[in-house]
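S.K.: Got a structure here, written out as C-alpha cells. Questions coming.
All of the numbers you see were taken from the coordinates with simple rules; none came from a lab. None of these values were measured; they are calculated from a predicted model. Ideal geometry is used to build each Cβ from the backbone, glycine not excepted, and the neighbour counts take in all protein chains shown.
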Amino acid sequence: MAPTDDGRRTTFLGEVRSAVTPHAFLLVLGVLGLMVGFIASYAGAFHHPKPTDVPLGVVAPPPAGARVVRSLDRLPGSPLAPRTVTSERAARQQLADRTIDGALLVAPRGTTDRLLVASGGGASLSQAVETVVRAAEEARHRTVRTVDVIPADPGDTRSLSSFYLVVGWCVGGYLCAAILAISAGARPSNGHRAVIRLAALALYALVAGLAGALVVGPVLGALPGAFLGLWGLGALVVFAVGATTLACQALLGILGIGLAILLIVILGNPSAGGAYPYPLLPPFWRAIGPALPPGAGTWTARSLAYFRGYAVTGPLLVLSAWAVGGTVVALVRSVFRTEPPPPVQTPPPKEQRHDPPHREALPPRGARPGHRPQRR
C-alpha cells in the first residue's frame, strides 16, 4: 500500500483505477482499434497489387481488331478490359480525357506494335499495362514498343506528388477542425459557435490550399502548371475534410475525431489511387476510393496537372457533397442540440461569527471619574 497526498493509504488496484479511468480505458481501446484498422487497410490494399479490368483501346484493321480484343479479354485474371478504337487520334484523345489507360496500335504490316500509355496518371499503372501487353504480344509472336504520350513531370517521376499533396491537405483539414472543436469542448455548444468555427475553417482552407499549391508548384516544381486550379482544389479538399470532422464531433463528441480518422486516413488514403491507381487495387478499396475525399482529390489533382482538367466533374461533386454535408450536419446538430440545464449552485452559508459582547474600556486603576487617557 502506498500513501496518498492526504496521508491515506491505498492499494495498487486503487492506484491503477485512479491513474486509468474507465473513460480513458475505452479511448485507449478505440485507439487500438484504429491502429489495427490502419495496418489492415494499408496492408490489404497494397500487399498484392495486380491489374484488373484496365481500360485498353485497340486500334487495328477490322479483321484483326476483333481477334486482338478477344485474345486480350481472355487473359487469365482479366487484367485488361479491351475495346476497339477507330484511330490513333481517337486513342490519344481517350487517353487525354482519361477514358482509357492505354492503347495498343497494331501494325497492319510487320510484327512490331506500339503501346501508348500515360504515366502522368500513375507510373505503376503504366508499367503494369506494359507488362501485361508485352506478355500477350510475345504469345502472339509479336513485339511492342511503348510510347509515353502523357509522361509525368521530371520532378514527379512516379506521379506521386498529387497524392502526397492531397494527403497533406486532408491532414491539415481534420487537425484544424479537431483543434477548433476541442479547444472549448468536444461538441459545439450552440449554432453561433458552429458558424464561427466553420468560418474560421473556410479561411484556413483558403490559406492551406494556397500554401500547398505554392510548395508543389513554384517552390519544388513537383507538379506542372494549373496553379490556380490546384489552389481551388486544395481549399475545397481542406474544407470538405474539416467540415466532415466537425460534423463527426458534433454527433459523437471526442469520438468523432476517431471516426474522421477512420474515414479519411484508414479508409481514404490507401484507396485514393496514389501509389497504386484504382485498377491495381483490390475490389473493396477500388469501390470506396472515388467516393472519399482523398481519392477524389488525388484524381482531380492529376487531371489538373497532366490531363488539362479532363474528367474532374465527378470528383469535384464528391468533394462538394462532403463539404456541404459536413456543414449541414454540424450546423443542424449544433442548433438543435439539447443541453442539460446547469445545476443550480446555492452559495454556502456564511459563517456566523461569535464575537464576545462589546464592553466599554474601563479606565485605568486610580483614574478620576471622567478622566480620558492621553494619546501619545
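S.K.: Which of 197, 302, 92 has the fewest other C-beta atoms within 10 Å, and how do the rest follow up to the most?
M.R.: Ranked by crowding around the Cβ, least crowded first: 92, 197, 302.
S.K.: Give me 261, 100 sorted ascending by neighbouring Cβ count inside 10 Å, so fewest comes first.
M.R.: Fewest to most other Cβ atoms nearby, the residues stand as 261, 100.
S.K.: Roughly how big is the range 122-262's charge dipole about its Cα centre, with Cβ charges of +1 (Lys, Arg) and -1 (Asp, Glu), in debye to the nearest 20?
M.R.: Values: 8 positive and 6 negative charges, 75 e Å.
For this selection, approximately 360 debye.
S.K.: Now a separate question. Taking the Cα centre of each part, how many Å lie between the range 157-171 and the range 224-284?
M.R.: Spelled out, the Cα-based centre of one part sits 11 Å from the other.
S.K.: OK, next. Which whole-angstrom value gives the distance between the alpha carbon centres of the range 120-148 and the range 27-81?
M.R.: Distance between centres, Cα-based: 15 Å.
S.K.: By count of other Cβ within 10 Å, fewest leading, how are 251, 115, 228 ordered?
M.R.: Least to most surrounded, the residues fall as 228, 251, 115.
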